[in-house]
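Student: Encoded as structure tokens, here's the structure I'll be asking about.
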Amino acid sequence: MIFIGNHVSVSKGYAAMGRHALSLGGDTFAFFPRNPRGGRSKAAAPEDMAALRQLLAKNGFGKLVVHGAYTMNVCAAKEEVRANSLEMLRDDLIRLQALPGNYYNFHPGCHTGQGAQTATAQIAAALAAAVHDAEEISGLPLQNTILLETMAGKGSEVGGTFEELQAVLTQAAQLGGDALSARLGVCLDTCHVWDGGYDIQNDLDGVLRAFDRVIGLKKLRAVHLNDSKNPCGSHKDRHEKLGQGSIGAEALRAVVRHPLLQDRPFILETPNDDAGYRTEIQTVREWMA
Ligand code: FE
Ligand code: FE
Ligand code: ZN
């Protein structure tokens, strides 16, 4: 079995967010700790965080997959953007120390003309720095695992290939050793890998073999379950509702049921309202059975 849920809003608080996810039928969820387009992260009362932790434990939730802001770009050519992004990353990690045992997923970034090699080194350095600072400021070892998201390779996006993600992980290990390495993983987005040219419709086993060869499947910790509006290799990144896009229901069902992907949180990032998410969560549960 897998855990299934969708993106919910933290605007009414942390415990309220958990109740919302539960009401949609989820047993995991994703949220942006700050406005996805940037801005300050939502301050949390310790009691509110504690109430959410209790709700998650009581209802048998899987790990949450928190999402870093889209505006974060730790490998931008502009030094100011890099510095602001590092600060966002560090602050998110500190905030999430109160929600231990979950995942924090973020987009590796866009190299904005610097080239992927420079970018992967900057991302690795940012991870090492952010984790170091978060641990020092909070006085605790990092309580969550950071995931790099597989990207569609749109524009100058880094992470459109498994090799680029592995370059980040390798360089991070050089900087922070096993301690940092153990805190890092990958979130596979079905729309993104498809748009990036990995044919999960006709050769899911082959794509997972490639992931295993380059990164290692033990690093694959979460899935973003989305259909795509565009053909394989289009490098577009436009999500579609499950079964209404170019990947299709049959292939997405095979992802949900794949023996190598069990026990992980799957997050829907499809264009839906609450009613739509409730239906899709139900559909995924039928696929699991
Ligand atoms: Fe994402
Ligand atoms: Fe995603
Ligand atoms: Zn996307």
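Student: Taking the Cα atoms of the range 3-288, what is the range of coordinates along each of the three principal axes, in descending order and whole Å?
Tutor: Over the range 3-288, Cα extents along the principal axes are 45, 44, 31 Å.
Student: Per DSSP H run of at least 4 residues, take -39500 (n - 2.57); add these up for the chain, divide by its residues and hand me the 222 nm value, nearest 500 deg cm²/dmol.
Tutor: Calculated from helices alone, the mean residue ellipticity at 222 nm is -14000 deg cm²/dmol.
Student: Now, a different point. Across bins of 5 angstrom width beginning at 0, how are the C-alpha pair distances of the range 1-83 distributed, in whole percent?
Tutor: All Cα pairs, binned at 5 Å, distribute as 3, 15, 22, 22, 15, 10, 7, 5, 2, 0 percent.
Student: OK, next. Once the piece of chain linking Asn202 and Thr118 is laid out straight, how much longer is it, given 0.36 nm per residue of separation minus the C-alpha distance between them?
Tutor: Taking 0.36 nm per residue and subtracting the Cα distance, the gain is 26.9 nm.
Student: Once you treat every alpha carbon in the range 28-151 as an equal point and sum by Debye, what is log10 I(q)/I(0) at q = 0.09, 0.22 Å⁻¹?
Tutor: -0.25, -1.33
Student: Separate question: Under a 10 Å cutoff between Cα atoms, tell me which one of Tyr70, Tyr198, Tyr103 has the largest fluctuation in the Gaussian network model of the chain.
Tutor: Of Tyr70, Tyr198, Tyr103, the most mobile in the Gaussian network model is Tyr70.
Student: Which residue, Ala167, Ala44, Ala152, tops the fluctuation ranking in a GNM of the chain built on C-alpha contacts under 10 Å?
Tutor: Maximum fluctuation in the GNM of the chain, among the listed residues, is at Ala44.
Student: Work out how far the C-alpha atoms of the range 220-289 reach from end to end along every principal axis, then list the three figures in whole Å, largest first.
Tutor: 30, 29, 20
Student: Treat every Asp and Glu Cβ in the chain as -1 and every Lys and Arg Cβ as +1, leave all other atoms uncharged, and give the resulting dipole magnitude about the Cα centre to the nearest 20 debye.
Tutor: 480
Laboratory data are not the source of any read-out in this text; all were calculated from the coordinates shown. Everything numeric here is computed off the predicted structure, so don't read it as measured data. Counting neighbours? That spans all protein chains shown, and the Cβs are built from the backbone with ideal geometry, glycine included.
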